[in-house]
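Below: the structure, in structure tokens.
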Amino acid sequence: MARLMSCNFDCNSCNIGSRGGKLHQEVLKKICLLGRKSGLHTVDEWAPPEYAGGAQPEEDEYTPFIDLAWFIDLFKIMGESSFNKLCSIVSSWTDGKISPDSLRFIPYATFEVEVSDPTSKTIYSDFHNLAATRSVLKFEIIREIGDMNLNRAERIKESAIKFCGVADMFILTPQMLQDILETRSYMPTSCSLSERKTSKLDDIRKKLMSLAAELNLNGKVEFTPPECLGLKNVYTPRLDAAWLIPVPKSASDLISTIGKKYSLKIVRDLCHLTLFGFEYEKETSQKHIAGGVANLSRHSHIGFLVTSSEKTKTARRIVNKYSIAFGFNNVFVLNKDII
């Protein structure tokens with residue numbers, strides 16, 4: 001895991017690395033301070049981990065370094081006993097591929113900062129790097145200088161969203177960050193979770209809900225991702241089960257305030273984060289399994305495709321293919337017998 005910085009709500013305590021010029025460093029310190037004041041951990045020059053639920057990455061593949069990231073501390077939310085138990089469970093489910101450090105700090109928001117006169121391709125690359133982080137929210141910070149302005153950056157962002165399929169990417173300026181820093185109070189956040197009652201649960205979902213309760217996590221069945229609730233005329237995915245964690249109220253109120261102040265269309269539920277998603281595939285076709293893999297990767301931080309021992313080989317082949325073709329490397333195949 002990358003180096004975690006200590007910050008005592010003072011800009012000078014945000015020990016930003018040495019990359020970039022003076023203005024770049026000043027912007028990063030503002031972002032750091034906002035995150036720390038909202039109860040989040042911050043890391044600069046952060047490289048997202050490769051969960052490798054599918055095919056193993058190349059040893060010399062390109063690794064993007066994100067200028068700054070905000071994290072939710074799962075250890076702090078769950079408590080020591082529950083977090084240690086979760087680490088043990090996840091380690092057994094993933095053959096030790098997810099370390100306690102990677103599990104503890106969940107990326108909530110990531111930031112790329114461009115305050116010189118970047119080209120369109122530079123901004124376009126930033127958005128794709130942000131998409132690869134799997135953070136809940138992704139921000140590009142630009143200074144309007146030379147040929148770069150908000151309108152141009154917005155067009156680049158829309159292209160990135162359209163062609164990489166990842167939404168929740170937004171553009172801010174250094175002045176907007178300063179205005180938020182000077183805001184005395186934040187707007188309260190409205191939650192948007194869906195509740196779906198089911199009269200009868202199969203054994204797998206009963207076990208998953210029981211485990212969630214033991215771990216102090218919010219377990220849901222037949223879970224519709226909140227980011228899909230407002231969409232019209234499109235397929236709305238639904239996960240068989242999900243484990244959610246609360247977002248610190250100060251952090252969700254901060255994002256809510258930013259969204260409302262600058263008219264950002266944030267469709268996520270800002271009060272909760274879908275930590276794990278589960279799809280239980282029985283005797284179904286390969287295409288049905290593939291659809292489950294796509295749902296899990298897009299709508300949970302880490303996904304588990306639960307199936308019988310007879311189906312695990314087929315499921316892993318699909319996960320491997322999709323991890324190469326679409327970057328769905330955060331989905332793991334789980335034998336139902338070990339839950």
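What follows draws every value from the coordinates through simple rules; no lab data is involved. No experiment lies behind these values; they were computed from the predicted model shown. Here the Cβ is made from the backbone with ideal geometry for all residues, glycine too, and neighbour counts use every protein chain on show.
Observations, loosely collected:
- Residue-averaged [θ]222 nm for the chain, counting only DSSP H segments that reach four residues, each worth -39500 (n - 2.57): -11500 deg cm²/dmol
- Taking the longest Cα principal axis of the chain as reference, the axis of helix 150-164 is set at about 20 degrees.
- Check: the chain dipole with +1 on Lys, Arg Cβ and -1 on Asp, Glu Cβ, in debye: 940
- Nearest-ten-degree value, helix 249-261 long axis tilted from longest Cα axis of the chain: 60
- Among the trypsin sites (Lys or Arg not before Pro) found in the stretch 279-321, those both in a DSSP coil and sparsely packed, with 13 or fewer other Cβ atoms within 10 Å of their Cβ, are 282.
- The GluC sites (Glu not before Pro) found in the stretch 128-205 that occupy coil by DSSP, while having at most 10 further C-beta atoms within 10 Å, are 182, 195.
- Sequentially through the stretch 31-46, phi angles give Karplus couplings (6.51, -1.76, 1.60; θ = phi - 60°) of 5, 4, 5, 4, x, 5, 5, 9, x, 10, 7, 10, 9, 9, 6, 8 Hz, Gly and Pro residues having no value and appearing as x.
- Filtered GluC sites (Glu not before Pro), the stretch 267-323: DSSP coil and at most 10 other beta carbons within 10 Å: 283, 310
- Pairwise FRET efficiency - residue 81 versus residue 200, Cβ, R0 = 41 Å, nearest 0.05: 0.80
- With N as its number of residues, the stretch 11-181 has a Cα radius of gyration that, divided by 2.2 N^0.38 Å, comes to 1.11.
- Selection from 54, 276, 42 lying farthest towards where the dipole of the chain points positive, charges on Cβ: 276
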